[in-house]
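**Q** Below you'll find the structure I mean.
The values are calculated or read from the model by the stated rules, or taken from the named source; none is laboratory data. None of the values given here were measured: they were computed from a predicted structure. Ideal geometry is used to build each Cβ from the backbone, glycine not excepted, and the neighbour counts take in all protein chains shown. We work out accessible area using only protein heavy atoms, side chains counted, and drop any ligands, DNA or RNA first. Shrake-Rupley method; radii C 1.70, N 1.55, O 1.52, S 1.80 Å.
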Amino acid sequence: MGESPSGKKLKVKEPWFAVRRELPSHRASVLTAISFILPLLIWSAVSYLPFLWHPDIKLQLSADRKDVTTVYTAGDRVSKEFFPEFQEAVRSQNEELEAQLKSDDPLAGSSESSVRRANKKVLRHLAPVLESNGWITSEQTKEDELIYEAWKDVATGKRKLKSPGLSEENIEIAKQNWNAMSAVSPVYDSDNFISVPLLSLVPQGKPSNPDYLPAPHHVASSGLEVLMMPAEGDRPSMVQRIGHSIRIVFGGFLLSALIGIPIGVLCGTYAFFSRLIEPFTDFFRYMPAPTFSTLLVAIFLANDAPKIALVFVGTFFQMVLVVSNTTRGLNMNLLEAAQTLGAKQSQLLTHVVIPGILPSMYNDLRILLGWAWTWLVIAELVGVKSGLTEFIESQGRYRNFDLVFPVIILIGLIGFFTDQFLAFLRGIIFPWTKEGEAMSSHPVAKVILFIPRLIKKAFSSKTSPAPTPQAGQP
Amino acid sequence: MIPPSPDIVDYHEQTPEVKERFTQLKQRPVVLSVDNVTKDFPTRNGVVRALHDIDFEVYRREFMCVIGPSGCGKSTLIRILAGLEIQSEGEVLLDGNPVAGPGPDRGMVFQTYTLFPWLTVKQNVMFGPKMTGHMSAEIEADARQWIDMVGLSKFENSYPHQLSGGMKQRVAIARALANRPRILLMDEPFGALDAQTRAQMQAYLLEIWRNLDITILFITHDLDEAVYLADRILVLKANPGEIDEIIEVSVPRPRSMEQFISPEFIATKHHINQLIHPEQKGDGPVLHFPRLTEAGDDVE
Ligand SMILES: Nc1ncnc2c1ncn2[C@@H]1O[C@H](COP(=O)(O)OP(=O)(O)OP(=O)(O)O)[C@@H](O)[C@H]1O
Ligand SMILES: [Mg+2]
């Protein structure tokens, strides 16, 4: 085997693409890893490579424009097209100002106090840059004495701003301004602040993505912060929110399973129930659950009841139909075999139908649990907003998308890991299925399977040994 | 194909011992009596008559095979006997009592695998007795014996998906027998097995039949299987399904595979073959093949 006539080893090449053929396990796991890494890579590339997309400029340094009411501050984003226009506007404003200073009327008719107020604003425009350079803390952005010192250091070259640095033209402006300011007072003096107009710093910024696409590291760091968010007044902590959301999902889901599964099994087993219940259920499921939200609030009032009811309405009707279909899918031969073995009608249900459909029904429920998570988002907006969705809603409204993303991802992770866990559990609960066989050697499975065996052992030792009946007689 | 040498013996001819066996057989009580059973299926294109006026008896401890062309109503017949289908006319009597619905007194082995996948081999065998109200403690030892009988003791705690096809059918036989049925109904039980496994299973079944007080009605479309296993063979013809002939197999018992080439065996097979495929009496059907190759070689 494996030897070609020429003596060379024949290596059978396994194709990557073969219709309905499973890949070898190492390839499968590589692809599974890539399936998660790839989106992450794309996200990182779009976030960190400035030549990809980056349609905006995030301002590091802003300026006020005369006669324009729209005010941008550092941290704001402006479009790439608008940014040069913005800079140009400030430059020409500075040019006008320089011309004005050389004229007979440097104040151009304004009062000294209003010029002083405008100058103080110009002074503070440097603050965001100072803050990100670590020269001042975020609490000190309004301490003009410190900022005044910083202007001096920048202008005299005593210290250099690095991240971000100042552009050449801005250093030039800083020097000019400092010359003017220091001529009035070497240290900051609020009452004796310069009263001839100062030049504005030209806006600076760097390419960035819109705020609705925060970068991965940003999401990760604020994710941790969000997760640890403590309770504050009547605002629940993040852990409490998660708990609340899970309670609503599982509350609604378990309720609909509790009622839906028995009805579904009955519909799938007896034509009587199928004809009686399924047509209306089929009609009802086409009415979207959210349309009932106001009705549910009217019936169940505030708090969690209408929310759980919405998840229930969203999953119950599907559940009945899916379970009844699964029940009907049970191999008819098994039912006939059971009858020839003496099973009566009532025994068929308990001893054949129910055990026979459990594994498929388990999978149905996994899919329906996914639905329940979808309804959660709407449910939590019903009546008094609550849980994770309330957080997403309110933070999203402030455009704090770096806080929104971690929560969205968190919901995804909870759903994903619940499902993975349930899939894993399936092999253990149903050892007679194909997955079950592979699973029975798993260490966790061994522990879980050990418990019922122990109980069985404890009971069987109490029962008397069975009398030996004879097999068939000759 | 069957060698055309029927003139060796007549399939009717029986040795004195075989004759004696059949006389004894017919003196035994009738277990199953099928009286003028007719079955019509209503379909979109009108009524389809699957069985017409079927009338025969099965004696206690008899091994009867039913054979016939595909679609002649073999499965329909056995399903009526099992109570899974209701006849349109006529009556089925088990020990003189009319049959109404399925019951544990008629065990059935299906062609498709019908073991309960969620039960182990032992639990499958215990299923019938449990349904009929026996306590598990009582029946467990009993079930072990049946499993032992079909040679699967090592697998009593295995699940059906871990067994081969032949093993599954052995469990199915044990499961049906565990109910102590009056008659065992088998619908092509070995149809899905490979030739070797099937031969093994046939020998197995004969051994079980010899040692138990059990009557067997066995459906097959395999001539060898029918002649090898049966006391009598009921030949059905199609459209509508009617009894063509009930043949007393003149091959002496105990049977063995060596008898496949005995004159009686071949004569019986030949006769049934002609009943089932009457068109093969002459030169065989004339088929028109397109000439596919230029090779031109005559392989015969
Ligand atoms: N439920 C049904 N409805 C309508 N016609 C049916 C039904 N069941 C069987 N028939 C018809 O009855 C006839 C006998 O069918 P049956 O399955 O008993 O044949 P069979 O002898 O077992 O064939 P095979 O050897 O292929 O298993 C067929 O013509 C079939 O089409
Ligand atoms: Mg059939």
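**Q** Residue farthest toward the positive end of the dipole of chain A, with Cβ of Lys/Arg at +1 and Asp/Glu at -1: which of A:PHE17, A:SER92, A:GLN140?
**A** The Cα lying farthest towards the positive end belongs to A:PHE17.
**Q** Treating each Cα of the stretch A:238-457 as an identical point scatterer and ignoring solvent, apply the Debye formula and state log10 I(q)/I(0) at q = 0.12, 0.19 Å⁻¹.
**A** -0.79, -1.31
**Q** Just round it to a whole percent: the fraction of Cα-Cα distances in the stretch B:6-103 exceeding 22 Å.
**A** 42 percent
**Q** Would you mind working out the magnitude of the charge dipole of the stretch A:21-145 relative to its Cα centre, with +1 at each Lys and Arg C-beta and -1 at each Asp and Glu C-beta, to the nearest 20 Debye?
**A** For this selection, approximately 660 debye.
**Q** So for the stretch A:175-328, taking the charge dipole from beta-carbon charges (+1 Lys/Arg, -1 Asp/Glu), which of A:PHE284, A:GLY252, A:LEU301 sits furthest toward the positive end?
**A** Of the candidates, A:PHE284 comes out farthest on the positive side.
**Q** Just to be sure I understand the model, the point goes 7 Å from the Cα along the line to the Cβ. What's the resulting A:LEU295 to A:VAL239 distance in nm?
**A** Distance between the two pseudo-spin positions: 4.0 nm.
**Q** Please give the residues of the stretch B:130-149, grouped as numeric ranges, whose backbone N is less than 18 Å from a label point set 7 Å along the Cα-to-Cβ vector of A:SER346.
**A** Within reach of a label on A:SER346: B:130-135.
**Q** Hull surface divided by four, with the convex hull built on the Cα atoms of the stretch A:323-365: how many nm²?
**A** Numbers: hull surface 11.0 nm².
Projected area, direction-averaged: 2.7 nm².
**Q** Hey, what do the phi angles of the stretch A:161-167 turn into as Karplus ³J(HN,Hα) couplings, whole Hz, using 6.51/-1.76/1.60 and θ = phi - 60°, x for Gly and Pro?
**A** 6, 10, 10, x, x, 9, 5
**Q** What's the longest uninterrupted piece of chain A once you rule out the GluC sites (Glu not before Pro) that are loop residues per DSSP with at most 13 other Cβ within 10 Å?
**A** Between exposed loop sites, the widest span is A:82-474.
**Q** Quick one: what Rg and Dmax do you get for the stretch A:57-208 from the alpha carbons, in Å?
**A** Rg and Dmax of the stretch A:57-208, Cα atoms, are 14.9, 44 Å.
**Q** Report the number of Lys pairs in the stretch A:238-457 whose alpha-carbons are under 30 Å apart, with separation of 8 or more residues or on distinct chains.
**A** 8
**Q** Which one, B:PRO252, B:ALA100, B:ALA141, projects farthest toward the positive side of the charge dipole computed for chain B from Cβ point charges (K/R +1, D/E -1)?
**A** The one lying farthest along the dipole's positive direction is B:ALA141.
**Q** I need the calculated FRET efficiency for the pair B:THR15 and B:GLU89, taking r as the beta carbon distance and R₀ as 45 Å, to the nearest 0.05.
**A** The pair B:THR15/B:GLU89 has a calculated efficiency of 0.70.
**Q** With viscosity set to 1.567 mPa s at 4 °C, what whole-number translational diffusion coefficient in µm²/s follows for the stretch A:5-137 from Stokes-Einstein and a Kirkwood radius over Cα pairs?
**A** Estimated diffusion coefficient is 61 µm²/s.
**Q** Pull up all non-local amide H partners of B:GLY90: gap of 5 or more, or a different chain, and H-to-H distance under 5 Å with H placed in the peptide plane.
**A** Under 5 Å from the amide H of B:GLY90 lie the amide H atoms of B:THR38, each far enough along the sequence or on another chain.
**Q** Near the amide H of B:GLY241, under 5 Å away, which other amide H atoms are found, from residues 5 or more places off or on another chain, if H is placed in the peptide plane?
**A** Close amide H contacts, sequence-distant or interchain: B:LEU51, B:HIS52.
**Q** Now for a separate question. Counting only pairs 8 or more places apart or on different chains, how many lysine pairs in chain B have C-alpha atoms closer than 27 Å?
**A** Pairs that pass both the separation and distance tests number 20.
**Q** Using 0.36 nm per residue, how much length does the chain from A:PHE284 to A:GLU225 gain when fully extended, once their Cα-Cα distance is taken away?
**A** Full extension of this stretch gives 16.9 nm more.
**Q** Work out the length of the dipole vector of chain A about its Cα centre, built from +1 on the beta-carbon of each Lys and Arg and -1 on the beta-carbon of each Asp and Glu, and round it to the nearest 20 debye.
**A** That gives chain A a dipole magnitude of about 2900 debye.
**Q** Output ³J(HN,Hα) for the stretch A:331-338: one whole-Hz value per residue in order, computed from phi by the Karplus curve 6.51 cos²θ - 1.76 cosθ + 1.60 with θ = phi - 60°, and x for Gly and Pro.
**A** 3, 4, 4, 5, 5, 5, 4, 4
**Q** May I ask what percent, to the nearest 5, of DSSP beta bridges between residues of the protein assembly as shown are antiparallel?
**A** Beta bridges within the protein assembly as shown, antiparallel portion: roughly 65 percent.
**Q** Across the Cα atoms of the protein assembly as shown, what radius of gyration and what greatest pairwise Cα-Cα distance (Dmax) are found, in Å?
**A** 43.7, 149
**Q** Taking chain A as the reference, fit the longest principal axis to its C-alpha atoms, fit the long axis of helix A:168-184 to the helix C-alpha atoms, and give the angle between the two in degrees, 0 to 90, nearest 10.
**A** 50 degrees
**Q** Probe radius 1.4 Å, ligands and nucleic acids left out: which of B:GLU140, B:GLU258 has the largest accessible area, and how do the rest follow? If you can, show how the numbers build up before the last one.
**A** On the way: B:GLU140 60, B:GLU258 140 Å².
From most exposed to least exposed: B:GLU258, B:GLU140.
**Q** About the Cα centre, and with charges only on the beta carbon of Lys, Arg (+1) and Asp, Glu (-1), how big is the dipole of the stretch A:57-208? Nearest 20 debye, please.
**A** It works out to roughly 520 debye.
**Q** Multiply the residue gap between A:PHE421 and A:LYS434 by 0.36 nm, knock off their C-alpha separation, and tell me the result in nm, one decimal place.
**A** Extending this stretch completely gives an extra 2.9 nm.
**Q** Can you show me the helix-derived [θ] at 222 nm for chain A, built from DSSP H runs with n ≥ 4 at -39,500 (n - 2.57) apiece and divided by the number of residues, rounded to the nearest 500.
**A** -20000 deg cm²/dmol
**Q** Can you give the FRET efficiency to the nearest 0.05 for B:ALA238 and B:ASN36, using r as the Cβ-Cβ distance and R₀ = 22 Å?
**A** 0.70
**Q** Using alpha carbons only, how many degrees (0 to 90, rounded to 10) separate the axis of helix A:354-379 from the longest principal axis of chain A?
**A** Result, in degrees: 20.
**Q** Continuing with this model, one more query. Calculate how many DSSP beta bridges within chain B are antiparallel, expressed in % of all such bridges and rounded to the nearest 5. Each step should come with its number before you reach the end.
**A** Details: 23 of 41 bridges.
Here the antiparallel bridges make up roughly 55 percent for chain B.
**Q** Counting alpha carbon pairs within less than 8 Å and at least 6 residues apart, what relative contact order, in whole percent, applies to the stretch A:57-208?
**A** With pairs under 8 Å counted, the relative contact order is 37 percent.
**Q** Also, I was wondering about something else. Relative contact order for chain B: what is it in percent, counting Cα pairs under 8 Å that are at least 6 residues apart?
**A** Relative contact order, chain B: 25 percent.
**Q** On a 0 to 90 degree scale, rounded to 10, what angle separates helix B:263-276 from the longest Cα axis of chain B?
**A** 80 degrees
**Q** Determine the gain in length on full extension of the stretch A:ILE414-A:SER190; use 0.36 nm per residue of separation and subtract their C-alpha separation, reporting nm with one decimal. Write down the numbers at each step before the final one.
**A** Numbers: separation 224, 0.36 × 224 = 80.64 nm, distance 5.57 nm.
Extending this stretch completely gives an extra 75.1 nm.
**Q** More than 27 Å apart: what percent of Cα pairs in chain B qualify?
**A** Numbers: 21213 of 44850 pairs.
Counting pairs separated by more than 27 Å, the tail of P(r) holds 47 percent.
**Q** Additional query: Quick one: what are the phi-derived ³J(HN,Hα) couplings along the stretch A:190-201, Karplus 6.51/-1.76/1.60 with θ = phi - 60°, whole Hz, x for glycine and proline?
**A** Listing the rounded values in order: 4, 7, 10, 7, 4, 10, 9, x, 8, 6, 7, 5 Hz.
**Q** Given H placed 1.01 Å from N in the peptide plane, which residues other than close sequence neighbours of A:GLN60 have an amide H under 5 Å from its amide H?
**A** Here the answer is A:GLY75, A:GLN204, A:GLY205, A:LYS206, since their amide H atoms fall under 5 Å of that of A:GLN60.
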